[in-house]
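Student: Quick one: the structure is below, questions incoming.
The values are calculated or read from the model by the stated rules, or taken from the named source; none is laboratory data. Predicted model only: the values in this text are computed from it and were never measured. Cβ: placed from backbone, ideal geometry, glycine included. Neighbour counts: every protein chain shown.
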Amino acid sequence: MEKPHTKVSGILKSRVETEIDLKTVEIDPKGRVVIPKEVREQSGITAPGELVVTVEGDGKIILQSAEASLKRAQDIGRRKLRTWAEGKHEEDKLAHQLAREEERD
């Protein structure tokens, strides 16, 4: 028989003994959420900044820093294209330049 999840002092312990630190945040009437400082520090999310929001079914969203998302996409591209070298691709340089220009606006 499988052991159910048990909540112990804000920590969720699952059947595989993985610990996940749980935090509860409130959503204000305008739909805004404040990410606690401790969570931002642990995840490397900086403020001000941009987050990529992904919806994964009913009631579940994932927030990831735009920078981390871009880095992950680049890493995947580099693995898939073994000969990838950022300095050789004008398109990549242009994309970075356009992103920086948008940040300034």
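Student: Take the residues in the stretch 85-102 that are farther than 15 Å from Ala66 by Cα and of a type in the set (A, V, I, L, M, F, W, C), then tell me which one is modelled with the highest pLDDT.
Tutor: Here the answer is Leu94.
Student: Just to be sure I understand the filter: pairs with C-beta atoms under 9 Å, separated by 6 or more residues or on different chains, first member in the stretch 41-65 and surrounded by 10 or more Cβ atoms within 10 Å (Cβ to Cβ), second member in a loop (DSSP other than H, G, I, E, B) and among the hydroxyl-bearing types (Ser, Thr, Tyr). Which pairs pass?
Tutor: Ser65/Thr46
Student: Still on this structure, I have one more. Name the single residue that is surrounded by the most Cβ atoms within 10 Å (Cβ to Cβ) among those in the stretch 1-40 being modelled with pLDDT of 85 or more and basic (Lys, Arg).
Tutor: Among those that are modelled with pLDDT of 85 or more and basic (Lys, Arg), it is Arg40.
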